[in-house]
1. Nearest 10 degrees is fine. How inclined is helix 269-280 to the longest principal axis of the chain, computing both from alpha carbons?
2. List every residue whose amide H lies under 5 Å from the amide H of M169, counting only residues 5 or more places away in sequence or on a different chain, with H placed 1.01 Å from N in the peptide plane.
3. How big, on average over all directions, is the shadow cast by the Cα convex hull of segment 216-319, in nm²?
4. Could you check which residue among R140, R189, R264 shows the biggest mean-square fluctuation in a GNM of the chain with a 10 Å Cα cutoff?
5. Cα gyration tensor of the chain, axes a ≥ b ≥ c as square roots of the eigenvalues: rounded (a/c below 1.5), prolate (a/b > b/c) or oblate?
6. Helix 297-307 against the longest principal axis of the chain: what's the angle in degrees, Cα atoms only, rounded to the nearest 10?
7. Considering only Cα-Cα distances, which of the following residue pairs are longer than 22 Å: K214/K273; K18/K64; K18/K127?
8. Short version: ³J(HN,Hα) in whole Hz for each residue of segment 48-59, in order, from phi by Karplus 6.51 cos²θ - 1.76 cosθ + 1.60 (θ = phi - 60°), x for Gly and Pro, what are they?
Amino acid sequence: MALASTQFAQKIIGNIEKVVVGKRGAVSLLAIATLCDGHALIEDVPGVAKTILVNSLAISLGCKFTRIQCTPDLLPTDVTGVTIFNQKSSEFEFHPGPVFSQFILADELNRATPRTQSALLEAMAEKQVTVDGVTRPLNRPFMVVATQNPIEHEGTFPLPEAQLDRFLMRISVGYPSLEHERTILEQQRRQHPIRSLQKISSADELLAVQEQIKSVHLHASVQDYLLRIVHATRTHPDLALGASPRGSLNLYRAAQAFATLDGRDYVIPDDIKILAPAVLAHRLIVKPESRLKRRTPRNLIEEILQATPAPVNRPDWRQ
């Protein structure tokens, strides 16, 4: 069962890399978030293939992909949908918004107003949308991948803590290397490679793998290590806000998916170390006086990891 899940994940990553060149780290993290049935926030400058990355994932799985371009004049009903009175039938009809899809790309989410940003909260947390008092379930699988410009760019609204906490992880794509960018130019000389990308799996297979991953084992000592890291964020003198229990659960799930990707049916401490910055850093708020000292959430997570002793290798981690 674990082998089948590993092959599924590696197959998806390999297919995406036919389009997104030289970004194995970002592709793997997005795959992990997908396997966990979570949401991802991609923070980076424009033009580094954020949209292509998500679209390639949806195509690989044969799922419906919808892109929402966030702007200051975008309304909540532009996301969730609206009820309109039909004069012919003399009845109110619901017209679903773009959130009624499977893979949602909320492009430049921090350019939307806080009111519109909050329209995604229920969808991300409960996999449902309530409009005019009527609650409607969303499609499965359902994943929101939001992109965010660096906050120092003009015309942006900072995402509130409640919104950030809904994202399983924050990913950075980054600029390609010289050689990889040369490959991109060659690939796109005639047409974009995404036009020839094929479906290689299905939504049903993804849903089955998401359930299988939940059986990946975490030994009590590894689980204690995870909890000590999260609790350290709540007592660190440079942090005004630490990671929530949702952060603990997301790190737990992400470690299970990471182990599966590595061909294991059990989690090791290194899985926690590798994933902690991506899963926890965006949930932390640094105190103003510490920000003046150029302290960042990612730096503080690295400090906490160094100060938290990992459990020694145990032969019974599988049990």
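Read-outs throughout are calculated quantities, based only on the coordinates presented, and are distinct from any laboratory measurement. Because the structure is a prediction, the values reported are computed rather than measured. FYI the Cβ positions are ideal-geometry reconstructions off the backbone, even for glycines, and counts take in every protein chain you see.
1. Tilt of helix 269-280: around 40 degrees.
2. Counting only residues 5 or more places away or on other chains, the set is H39, L41.
3. On the way: hull surface 24.6 nm².
Over every viewing direction, the Cα hull of segment 216-319 projects on average to 6.2 nm².
4. R189
5. Details: a/c = 1.43, a/b = 1.26, b/c = 1.13.
Rounded shape, in that the Cα axes give a/c under 1.5.
6. The angle comes out near 30 degrees.
7. Numbers: K214/K273 20 Å; K18/K64 20 Å; K18/K127 31 Å.
Beyond 22 Å: K18/K127.
8. Each residue of segment 48-59 in turn: 10, 6, 5, 5, 4, 4, 6, 4, 5, 4, 5, 5 Hz.
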